[in-house]
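*Asks:* This structure is in structure tokens; I'll ask about it shortly.
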Amino acid sequence: MLMRRQAGLGLIELMIGISIVAILMAAGTPSFIRWMQDAQNRAAAESVLNGLQLARMESLRRNAQVNFKLTDQDGKVAWSVGCKVPNADCPAIIQSRLPREGGEAPRLGVNKDALVQPVAPGHFGAAIAPGTGLLAGVTFNYLGQAPGAGNGNDVTRIDVTNPDAAQARRYVITISSGGQVRMCDPALALAANPQGCS
């Protein structure tokens with residue numbers, strides 16, 4: 001009668017398997033960290049975009065001037081939406097977002113200069129430094145327009161960056177005097193990709 005040997009992993013085979021897994025994890029960690037940083041910046045940009053769109057919608061719905069304000073002077077993602085002239089039908093704070101609700105890494109910087117149309121290629125190449133131009137905001141009128149955008153009174157551009165990770169994807173949000181709000185990626189060319197900035 002033949003005896004069967006039990007098959008299993010030897011110590012050397014186990015160590016080789018663990019080494020391969022460790023090498024794969026070490027190679028994938030930087031990519032995962034970069035992905036997380038990009039996701040945090042995107043979530044921050046979408047939060048600001050949603051706040052701007054809410055302010056515009058509320059101005060139309062309430063037939064009143066509604067403010068969108070960035071409320072953290074250090075550039076953390078914090079904002080509030082409220083009526084410029086509060087009353088019983090239009091409160092001072094309709095909705096707000098506190099800095100602790102999002103990640104700590106994304107930071108905002110703003111600009112009030114008019115955006116020339118069409119935007120020249122590479123116009124958004126340089127990022128606005130975090131905290132620049134804050135505290136600031138934009139007011140939407142009862143037609144959903146932002147007449148102060150572009151004349152130095154209201155914000156026309158908001159950059160979302162991560163100062164701790166320069167390689168993280170940056171997003172730009174633009175506001176026109178007509179009230180159009182757009183989020184774009186300055187790393188992409190608008191001619192080749194609709195998500196591009198210029």
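*Asks:* Could you pull out the residue among ALA126, ALA114, ALA120, ALA146 that is aliphatic (A, V, I, L, M), part of a loop (DSSP other than H, G, I, E, B) and under 21 Å from SER47 (Cα atoms)?
*Replies:* Values: ALA126 fails: under 21 Å from SER47 (Cα atoms); ALA114 fails: under 21 Å from SER47 (Cα atoms); ALA120 fails: under 21 Å from SER47 (Cα atoms).
After ruling out the rest, the residue left standing is ALA146.
*Asks:* Hey, could you check the range 47-82 for residues that are of a type in the set (D, E, K, R) and surrounded by fewer than 16 Cβ atoms within 10 Å (Cβ to Cβ) and say which is nearest to the chain's Cα centre (by Cα)?
*Replies:* ASP74
*Asks:* Now for a separate question. Go through the range 173-198 residue by residue and tally those that are free of Cβ contacts under 8 Å to residues at least 60 places away in the same chain and within 11 Å of the chain's Cα centre (by Cα).
*Replies:* The total comes to 1.
*Asks:* On the basis of being touching a residue at least 60 places away in the same chain (Cβ under 8 Å), surrounded by 17 or more Cβ atoms within 10 Å (Cβ to Cβ) and part of a loop (DSSP other than H, G, I, E, B), does ALA44 make the cut?
*Replies:* Details: touching a residue at least 60 places away in the same chain (Cβ under 8 Å): yes; surrounded by 17 or more Cβ atoms within 10 Å (Cβ to Cβ): yes; part of a loop (DSSP other than H, G, I, E, B): no.
No, not satisfied.
*Asks:* Continuing with this model, one more query. Restricting the search to the range 137-182, which residues are surrounded by fewer than 19 Cβ atoms within 10 Å (Cβ to Cβ), modelled with pLDDT of 90 or more and among the aliphatic types (A, V, I, L, M)?
*Replies:* Selection gives LEU143 alone.
*Asks:* Just to verify a result, which residue in the range 154-168, among those that are of a type in the set (A, V, I, L, M) and part of a loop (DSSP other than H, G, I, E, B), is farthest from GLY103 (Cα to Cα)? Steps first, please.
*Replies:* Step one: filter the range 154-168 for residues of a type in the set (A, V, I, L, M), giving 155, 158, 160, 165-166, 168.
Cutting the leftovers down to part of a loop (DSSP other than H, G, I, E, B) gives us 155, 165-166, 168.
Details: VAL155: 23, ALA165: 14, ALA166: 16, ALA168: 14 Å.
It comes out as VAL155.
*Asks:* Going through ALA88, ALA55 one at a time, which residue ends up being at negative phi, among the hydrophobic types (A, V, I, L, M, F, W, C) and in contact with a Phe, Trp or Tyr (Cβ under 7 Å, 6 or more places away or on another chain)?
*Replies:* On the way: ALA88 fails: in contact with a Phe, Trp or Tyr (Cβ under 7 Å, 6 or more places away or on another chain).
Sole residue among the options that is at negative phi, among the hydrophobic types (A, V, I, L, M, F, W, C) and in contact with a Phe, Trp or Tyr (Cβ under 7 Å, 6 or more places away or on another chain): ALA55.
The values are calculated or read from the model by the stated rules, or taken from the named source; none is laboratory data. Here the structure is a predicted model, which means the values were calculated and not measured. Every residue, glycine among them, receives a Cβ derived from its backbone with ideal geometry; neighbour counts consider all protein chains shown.
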